[in-house]
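What follows is a single structure, written as structure tokens, with notes after it.
The values are calculated or read from the model by the stated rules, or taken from the named source; none is laboratory data. Just so we're clear, the structure is a prediction, and the values are computed from it rather than from any experiment. Note that each Cβ is placed from the backbone with ideal geometry, even for glycine, and that neighbours are counted across all protein chains shown. The area values use the complete protein model at the heavy-atom level, side chains included, leaving out ligands, DNA and RNA. Shrake-Rupley method; radii C 1.70, N 1.55, O 1.52, S 1.80 Å.
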Amino acid sequence: MVFVRISNSLSVMFLVLSVCLLVGICEASVHEYKGENFVNKGNAFVVHGGSEGIYSSFSDATLNETAANNGDSFIRFEKITFRRSKENANLTKGFVQVLVFEVEDREAIGGSAYGGQRAICCTSDLAKLGVCSRGEVIYRPSSKDPSWPQVFGVSFDVDEFEATLPSKSIPITKTGMYNLYFIHCNFDIKDLVVEGKTIWKNPTGYLPGRMAPLMNFYGFMSLAFVILGIFWFSQYARFWREVLPLQNCITLVITLGMFEMALWYFEYAEFNETGVRPVGITAWAVTFGAVKRTVARIIILMVSMGYGVVRPTLGGFTSKVIMLGVTFFLASEVLELVENVGAVSDLSGKARLFLVLPVGILDAFFILWIFTSLSSTLNKLQARRMMTKLDIYRKFTNALGVAVIVSVGWTCYELYFKSKDVYNEHWQNAWVIPAFWQVLSFSLLCVICALWAPSQNSTRYAYSEDTNEEFDKDESSLTLIKPSPIASKDVRTAPESRAVPSNNGTSNGDLEEDKTQ
């Protein structure tokens, strides 16, 4: 059976997870720097230390610093060390600065002399104008809070190849998207690296601000899947003798969804409590989600092709369906792993596009194949006058059509949202983007469960031989025909009109009439 072959192929898919668990941990709200190299940007050398949305501290924040939800918000620097080679240490002094700013103050960073090219580090022309000190970061105090941006640093003396930044904690009193950069302006220091860690905290825990709402969302989604599961499994238990292979596939999707939502909730809860993203739980949540999306698409494709309804098997399409499913799983798994396992800061546009493009192409191929198959199946049902099945398939087609239209509309909105939010200023609403896709897929699953719920009439929608199909056609028309004695007369007169003499002189028509009497 197709379901068995697909289930066997899932064991191959899970081998990817063992590779994923070998990926190193990039601790999210606890940002670790392990020998990060400075990269040349204009006339400066920088290391991006992180970007997170942080809510302001609560006015009634407690003094219990060990509690994750004590209402306090801060960015803390711990054991930040800058190292350079001994060769460079003998040549020159060095000065490294730390720049922390809220995204609304980005225009206060950098400057230019006489309208020239904008620079991060102070140039000789700007130094002559007295607006900055040469070799340091150019910045102006914020008009809303003169204490921001936060700029401080540490110096190297000649013959010193290591400098440690004193531990420091910056309290956050304003909600915003905060950015951290390590910067130096000395072109003679080309092998400088940074080590240590920074801790970013929100009032309710260590979850980054744009992820915090997702914890509650996945909690609600877990409850929704439990309610759907209670309905489905109760029907499954009541009519287990009438269960179809297609309904077994739906059961698998519901089970995978329950595990996925629960794992995401516990992943965010653990992350929020400790500040370290649990790579194991994240990898499992991603894998369950990728398997669920793959199986759901395969089920919709199988239903669209009429599997179990107008055809007993997929025939030569089985291997093609499985191949498409495995390819989609691998592409989706890699994308979700890169986006979620240990990640907080956004991916670069080029890297994200490279990973999103294959998934988008495969999704488009699924949609094209599904609707092409649906059209063929609807035509077959119409031609054979299987009205009961035709009615279900029309409802299924309408639900899919609405889902596709809504998906296209939301995709356009997502592209618009991201094009207008280059600097992540609307980070507080960013959680709605992934949440919507979960709600849409869950809604479509509910529609499928309503259409194909186990019942005492489940076998009416299953594939059967031609004689049974004719029964299906007759059964659908019984409500339109009332019994009448005239029907029995028609039954008698049909053979009478074809009566021929027999050997004993008794016509077949008379014999038939005697039988009816």
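Okay, here's what the table says:
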read-out	value
Of residues in region 131-159 being surrounded by 13 or more Cβ atoms within 10 Å (Cβ to Cβ) and of a type in the set (A, V, I, L, M), the one nearest to the chain's Cα centre (by Cα)	151
Given (1) surrounded by fewer than 17 Cβ atoms within 10 Å (Cβ to Cβ); (2) part of a helix (DSSP H, G or I); (3) of a type outside the set (Gly, Ala, Ser), number of the condition residue 259 does not satisfy	(1)
Region 78-116: number of residues that are modelled with pLDDT under 85 and either out of contact with any Phe, Trp or Tyr (no Cβ under 6 Å at 6 or more places or on another chain) or open to solvent by 20 Å² or more (accessible area, probe 1.4 Å) (or both)	14
Residue satisfying condition, being within 37 Å of the chain's Cα centre (by Cα), open to solvent by 70 Å² or more (accessible area, probe 1.4 Å) and within 30 Å of residue 267 (Cα to Cα), within set 174, 201	174
One residue from 93, 174, 86 being touching a residue at least 24 places away in the same chain (Cβ under 8 Å) and out of contact with any strand residue (DSSP E or B) (no Cβ under 9 Å at 6 or more places or on another chain)	86
Residue 267 of a type in the set (Asp, Glu), at pLDDT 90 or above and part of a helix (DSSP H, G or I)	yes
Pairs where the first residue, in region 384-396, is without any contact (Cβ under 8 Å) to a residue 40 or more places away in the chain and among the hydrophobic types (A, V, I, L, M, F, W, C) and the second is assigned to a helix (DSSP H, G or I) and surrounded by 17 or more Cβ atoms within 10 Å (Cβ to Cβ), C-beta under 8 Å, 6+ apart	390/378; 390/381
Residues located in region 413-439, provided they are among the aliphatic types (A, V, I, L, M) and in a helix (DSSP H, G or I)	415, 432, 433, 435, 439
Complete set of residues in region 292-330 that are among the small types (Gly, Ala, Ser), on the phi < 0 side of the Ramachandran plot and open to solvent by 20 Å² or more (accessible area, probe 1.4 Å)	296, 316, 319
Among the candidates 218, 307, 236, residue that is closer than 22 Å to residue 381 by Cβ and among the hydroxyl-bearing types (Ser, Thr, Tyr)	307
Residue that is modelled with the lowest pLDDT, among those in region 374-412 that are open to solvent by 30 Å² or more (accessible area, probe 1.4 Å), assigned to a helix (DSSP H, G or I) and of a type in the set (Lys, Arg)	384
Pairs, first more than 12 Å from residue 407 (Cα to Cα) in region 355-367, second charged (D, E, K, R), C-beta under 8 Å, six or more apart	355/339; 366/297
Hey, residue 46 modelled with pLDDT of 50 or more, of a type in the set (Val, Ile, Thr) and over 30 Å from residue 244 (Cβ atoms) or not	yes
Yes/no for residue 288 being under 23 Å from residue 440 (Cα atoms), open to solvent by 10 Å² or more (accessible area, probe 1.4 Å) and either modelled with pLDDT under 90 or assigned to a helix (DSSP H, G or I) (or both)	yes
Test for residue 198: is it polar (S, T, N, Q), closer than 30 Å to residue 39 by Cβ, in contact with a strand residue (DSSP E or B) (Cβ under 8 Å, 6 or more places away or on another chain) and touching a residue at least 24 places away in the same chain (Cβ under 8 Å)	yes
Checklist (1) of a type in the set (Gly, Ala, Ser); (2) surrounded by fewer than 20 Cβ atoms within 10 Å (Cβ to Cβ); (3) touching a helix residue (DSSP H, G or I) at 6+ places or on another chain (Cβ under 9 Å) applied to residue 212, failing item	(2)
Members of region 413-422 that are among the hydrophobic types (A, V, I, L, M, F, W, C) and open to solvent by 80 Å² or more (accessible area, probe 1.4 Å)	415, 422
All positions within region 236-256 that are surrounded by fewer than 18 Cβ atoms within 10 Å (Cβ to Cβ), under 29 Å from the mean Cα position of the chain (by Cα) and within 21 Å of residue 311 (Cβ to Cβ)	245, 248
